[in-house]
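Report on the following structure.
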Amino acid sequence: MTDTAALIAAARAAALKAHAPYSRFAVGAALLLSDGSVMTGANVENASYGLSLCAETVAVASASAAGRLADIVAVAVIGGLMDTHGVPTGAHVVSPCGRCRQVLNEAAQMGGRDLIVHCGAAEGDAVVTYRLSELLPDAFGPADLGIVQRS
Ligand code: THU
C-alpha cells in the first residue's frame, strides 16, 4: 500500500467514528506527522447545527493537544453520505472546507511546511492531491503576526 493509500485508509476508518446524525455525511481526516505516525479525526455534529466540528479541525485539535501541531506533514480527507450502518458511501472526492483550510494553515505555518492535502472518496480509488497553498493561496497566518518567519 502506498503512503497515500494508507493515509486514505486511515481517514476512512476515522469516518466510521463520525457523529453526524443531522447531515448523515460522515467525514474522516488522517494527519501524517513528521515521525511517520498518524492522527485522525471525524466530524462531530451538534444539535445546535452551527456548532458542528469538521473532521480536519478535530484531527488538528487532537494533534495540537498532543503537542504535535507543528509536526503535521500531510492530511487525507474522505467523506460521504452514510448508509444504514453509518458507513460513508460514494465515489465523490471531498476537499476541506474553507474554515478547515485556515485551520490546516495554522499547522502548516507553525511547522514551516506547505502541507500535502490528499482528497479522497468514501469508496473507490480516486484521489486528488494538492498543496495547501493551492487550496488557500496568500493565506493569513501566524507569520502575519510575527509568530513565525514567512517561508
Ligand atoms: N465536514 C467536514 O467534516 N469537513 C469538511 O471539510 C466539510 C464538511 C462535515 C461538517 C458536517 O458535519 C458535514 O460534513 C456536512 O457538512
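Confirm whether THR57 is among the hydroxyl-bearing types (Ser, Thr, Tyr), open to solvent by 60 Å² or more (accessible area, probe 1.4 Å) and either out of contact with any Cys (no Cβ under 7 Å at 6 or more places or on another chain) or at pLDDT 95 or above (or both). Give the steps one after another, and end with the answer.
Numbers: among the hydroxyl-bearing types (Ser, Thr, Tyr): yes; open to solvent by 60 Å² or more (accessible area, probe 1.4 Å): no; either out of contact with any Cys (no Cβ under 7 Å at 6 or more places or on another chain) or at pLDDT 95 or above (or both): yes.
Against the criterion (among the hydroxyl-bearing types (Ser, Thr, Tyr), open to solvent by 60 Å² or more (accessible area, probe 1.4 Å) and either out of contact with any Cys (no Cβ under 7 Å at 6 or more places or on another chain) or at pLDDT 95 or above (or both)), THR57 does not qualify.
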Could you say whether any residue in the range 11-28 is modelled with pLDDT of 95 or more, open to solvent by less than 40 Å² (accessible area, probe 1.4 Å) and more than 14 Å from the ligand (Cβ to nearest atom)?
no
Candidate set: the range 128-151, residues that are under 14 Å from the mean Cα position of the chain (by Cα) and of a type in the set (Val, Ile, Thr); chosen: the one least open to solvent (accessible area, probe 1.4 Å):
VAL128
Condition first: hydrophobic (A, V, I, L, M, F, W, C) and under 17 Å from GLY90 (Cβ atoms). Can you find one or more residues in the range 32-39 that meet it?
no
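The values are calculated or read from the model by the stated rules, or taken from the named source; none is laboratory data. As the structure is a computational prediction, the values presented were derived from the model and not from experiment. Methodologically, a virtual Cβ is constructed for each residue, glycine included, from the backbone with ideal geometry; neighbour enumeration extends over all protein chains shown. Heavy atoms of the whole protein, side chains included, go into the accessibility calculation; ligands, DNA and RNA do not. Shrake-Rupley method; radii C 1.70, N 1.55, O 1.52, S 1.80 Å.
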